[in-house]
Structure formats: C-alpha cells, structure tokens
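Here the structure comes first, spelled out in structure tokens, and everything after it is commentary.
Readers should treat all values here as calculations from the given coordinates under stated rules, not as data from a laboratory. The model shown is predicted, which means the values in this text are computed figures rather than measured ones. Quick reminder, even Gly has a Cβ in these numbers, built from the backbone with ideal geometry, and neighbours come from all protein chains shown.
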Amino acid sequence: MAATITVELVYAESPLQQFMVTLQLPSVSTIATVIQKSGVLIRYPNLDLAKNRVGIYGCHKALTDSVQAGDRVEIYRPLMADPREIRRARALQQKNRDAL
C-alpha cells in the first residue's frame with residue numbers, strides 16, 4: 001500500500017469567493033493531480049490552467065512538480081492591472097496635486 005500525504009488546494013475566484021479543500025493523496029502526486037482530484041475544475045469550469053499560474057506557498061511551480069506532505073497548492077488569478085502602472089498613475093496624480 002502506497003503512503004499517503006495531506007495537501008491543501010486553494011483558489012480565489014474573487015476576493016469574496018474562495019475554494020479550499022484538504023486532500024489525502026498518494027505520496028508521489030503532482031500539482032496537476034492535486035488540482036484534478038480537488039474538484040476545483042468542476043466547480044469553476046472557466047478556470048484555464050494555461051492562463052492561471054500555480055504554486056506552492058507563493059512560489060511559482062509547474063503542473064508536473066511533485067507535492068510534499070503539508071503543501072498548500074495555490075492557483076493564481078491573472079492580474080487585472082499591472083501594479084507598476086498603478087503606482088506610476090498614483091505618483092503622477094500626487095505630482096499634479098503638489099503642483100497646484
């Protein structure tokens with residue numbers, strides 16, 4: 001009998017709608033296996049793993065990477081806006097206010 005590990009999968013469709021599940025899987029599982037077994041793809045059929053990056057505890061990983069006991073697999077949403085552009089716009093806005 002193969003050893004099993006406990007891992008979590010988390011995904012936030014929006015700030016108000018999150019999905020989290022704890023799974024018991026064989027110790028030789030990959031991130032893709034965790035995602036498939038979690039049911040997240042059934043609950044969110046528009047979730048496209050070709051566009052959404054994945055990771056473990058904030059570190060980007062590939063779908064083929066192995067998971068270890070206690071890992072939290074995360075599916076990241078694409079950014080709605082580039083944070084650098086937001087900071088530039090805010091700085092320009094502040095500069096314009098200061099000039100008045």
State to the nearest 20 debye the size of the charge dipole of the chain about its Cα centre, where the only charges are +1 on K and R beta carbons and -1 on D and E beta carbons. 440 debye
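Using a/c under 1.5 as the rounded threshold, could you call the chain rounded, prolate or oblate? The axes a ≥ b ≥ c are square roots of the C-alpha gyration tensor eigenvalues, and prolate needs a/b larger than b/c, oblate otherwise. Don't jump to the answer; show the numbers that get you there.
Values: a/c = 3.38, a/b = 2.71, b/c = 1.25.
Prolate shape, in that a/c is at least 1.5 and a/b is the bigger ratio.
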Note, Lys61: beta-carbon cut-off 15 Å, +1 each Lys/Arg, -1 each Asp/Glu, net -2
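If contacts are Cα pairs under 8 angstrom and at least 6 residues apart, what is the relative contact order of region 4-99 in percent?
RCO, region 4-99: 32 percent.
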Selection from Pro15, Val40, Ser27, by position along the positive dipole direction of the chain (Cβ): Pro15
Note the angle between two axes, namely the Cα long axis of helix 83-99 and the longest principal axis of the Cα atoms of the chain, as a number of degrees from 0 to 90, rounded to the nearest 10. 20 degrees
Quick check on packing: order 20-31, 84-95 by the mean number of other C-beta atoms within 10 Å, highest mean leading. 20-31, 84-95
In the chain, what % of DSSP beta bridges are antiparallel (nearest 5)? 80 percent
Environment charge at Pro78 (Cβ cut-off 10 Å; Lys +1, Arg +1, Asp -1, Glu -1): +2
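List Lys51, Lys61 from most exposed to least, where exposure is judged by having the fewest other Cβ atoms within 10 Å. Write down the numbers at each step before the final one.
On the way: Lys51 9, Lys61 18.
Starting with the residue having the fewest Cβ neighbours, the order is Lys51, Lys61.
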